[in-house]
Amino acid sequence: MTDIVGIRRQPIQARARERVERILTAATELIAETGSDAVRMTEVAERAGVPIGSLYQYFPDKPAILRTLAMRVMERVRDGLRLNLEGVKSPADAIARIDAIMVGYYNLFLTEPVTRDIWSGTQSDKALQELDIEDSRRNAQIFSAALKNFVPRRNHARLEAASFLLMQLSGVAVRLAIAVDRQEGDRLIEEYRCIMNRELESLLGN
């Protein structure tokens with residue numbers, strides 16, 4: 001995973017880990033202030049209080065920093081997915097929880113512009129696209145595991161495929177929604193929620 005993200009040297013000692021955290025915090029602050037396109041590596045080093053050479057020891061370029069920040073968003077979302085799908089009691093409970101998760105995911109990007117900007121700044125990054133697909137697979141495993149007790153065994157393969165597809169499409173839907181004006185974005189997410197609920201009702205009703 002380190003090679004994909006682009007970190008040159010994994011921090012082991014506490015001092016090194018603290019330095020990497022300062023770098024990532026500085027980058028996040030600068031992105032919030034000016035947007036990811038305007039951020040320069042020299043500015044990150046200056047804000048973090050580290051020599052530019054030390055910055056390059058850990059991150060070969062700005063895309064590597066953005067990938068690392070994007071991965072943290074992925075991990076945060078995955079943790080939330082796992083937590084919110086624990087102990088699902090019924091198909092109706094599952095559908096209600098998943099709908100609430102989708103609303104929360106959309107709100108994450110609406111209320112935290114830096115998260116939106118980090119993601120937008122990495123959309124042409126092939127390495128992150130690969131990470132995004134792998135992230136959808138991991139989320140799909142959590143998703144399908146929470147629902148499989150309510151789906152006949154004969155449909156488990158369909159559940160796994162649908163889970164993977166829905167996890168990937170959820171990200172696509174949110175990125176589209178935040179790329180247009182808020183009113184249209186809200187309508188798009190509402191429609192996607194309806195599509196997701198219909199698919200879940202079909203899966204869980206058989």
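Show which lysines lie in cross-link reach of LYS148 when reach means a straight Cα distance below 24 angstrom and same-chain residues fewer than eight apart are skipped.
Here the lysines satisfying the reach criterion relative to LYS148 are LYS89.
In Å, what is the Rg of the alpha-carbon atoms in the stretch 118-206, and how long is Dmax?
My reading of the Cα-based Rg and Dmax gives 14.7, 43 Å.
Once neighbouring chains are kept in place and the probe is 1.4 Å, which whole percent of the accessible area of the chain is contributed by carbon and sulfur?
For the chain, the apolar C and S fraction of the accessible surface comes to 52 percent.
Mind checking the angle between helix 91-111 and the chain's longest principal axis? C-alpha axes, 0 to 90 degrees, to the nearest 10.
30
Classify the chain: rounded, prolate or oblate, from the alpha-carbon gyration tensor (a ≥ b ≥ c, eigenvalue square roots; a/c under 1.5 rounded; otherwise prolate if a/b is larger than b/c)?
Prolate shape, in that a/c is at least 1.5 and a/b is the bigger ratio.
Can you return the lysines within cross-link range of LYS126? Criterion is Cα-Cα under 22 Å, with same-chain partners fewer than 8 residues away left out.
Once the sequence-local lysines are set aside, what remains near LYS126 is LYS62.
Which value at 222 nm does the chain reach when only helices count, each DSSP H run of 4 or more adding -39,500 (n - 2.57), with the total divided by all residues and rounded to the nearest 500 deg cm²/dmol?
-26000 deg cm²/dmol
Can you grab the distance from the C-alpha centre of the stretch 68-98 to the C-alpha centre of the stretch 119-179, Å, no decimals?
Cα centroid of the stretch 68-98 versus Cα centroid of the stretch 119-179: 12 Å apart.
With the other protein chains left in place, how much accessible area per residue, in square angstrom, belongs to the chain at a 1.4 angstrom probe?
Ligands and nucleic acids excluded, the figure is 54 Å² per residue.
What angle, in degrees between 0 and 90 and rounded to the nearest 10, separates the Cα long axis of helix 62-84 from the longest principal axis of the Cα atoms of the chain?
Approximately 30 degrees, to the nearest ten.
Using the eigenvalues of the Cα gyration tensor, what equivalent ellipsoid semi-axes result for the stretch 37-154 when each is taken as the square root of five times the eigenvalue, whole Å, largest first?
In descending order, the three semi-axes are 36, 15, 12 Å.
The values are calculated or read from the model by the stated rules, or taken from the named source; none is laboratory data. All values derive from a computational prediction rather than experimental measurement. Calculation scope for accessible area: heavy atoms of the full protein, side chains included, ligands and nucleic acids excluded. Shrake-Rupley method; radii C 1.70, N 1.55, O 1.52, S 1.80 Å.
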